[in-house]
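J.: Pasting a structure below so you can have a look.
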Amino acid sequence: MKITFEITDHGTLSYFLGLEFSQTLHGILMHQKKYACEVLKKFNMMDYNSTPIPVMVNLKLTKELDEKAVDAT
């Protein structure tokens, strides 16, 4: 490829097209932490507390057959 295209080595990949990359012992980790922080800042939510997942892990939801209709309003 170097013969056909002009290529420059900028070192280890860390940020590309909005994605962040981190080298670990197990491989490359890809995340969007910077993007998530920018969204929180945009909507003034940086000081909000995080919450654990509000649903039990592997919970199977089923439809209740004898359930009353829900008021859509």
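The values are calculated or read from the model by the stated rules, or taken from the named source; none is laboratory data. Predicted model, so just to flag it, every value in this text is computed and none were measured. Please note: Cβ atoms are built from the backbone with ideal geometry, for glycine as well, and neighbour counts cover all protein chains shown.
J.: Looking at Ile53, Ile28, can you tell me which residue is part of a strand (DSSP E or B) and either in contact with a Phe, Trp or Tyr (Cβ under 7 Å, 6 or more places away or on another chain) or not polar (S, T, N, Q) (or both)?
T.: Ile28
J.: Just checking, how many residues over the range 31-65 are within 28 Å of Gly18 (Cβ to Cβ) and among the β-branched types (Val, Ile, Thr)?
T.: The total comes to 3.
Condition check ((1) on the phi > 0 side of the Ramachandran plot; (2) at pLDDT 85 or above; (3) surrounded by 10 or more Cβ atoms within 10 Å (Cβ to Cβ); (4) not aromatic (Phe, Trp, Tyr)) across all residues:
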{"site": "His10", "(1), (2), (3), (4)": "no, no, no, yes"}
{"site": "Glu20", "(1), (2), (3), (4)": "no, yes, yes, yes"}
{"site": "Leu40", "(1), (2), (3), (4)": "no, yes, yes, yes"}
{"site": "Tyr48", "(1), (2), (3), (4)": "no, no, no, no"}
{"site": "Leu61", "(1), (2), (3), (4)": "no, no, no, yes"}
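J.: Turning to a different aspect of this structure: Does Met46 satisfy the criteria of being part of a loop (DSSP other than H, G, I, E, B) and within 30 Å of Thr12 (Cβ to Cβ)?
T.: So Met46 passes the test.
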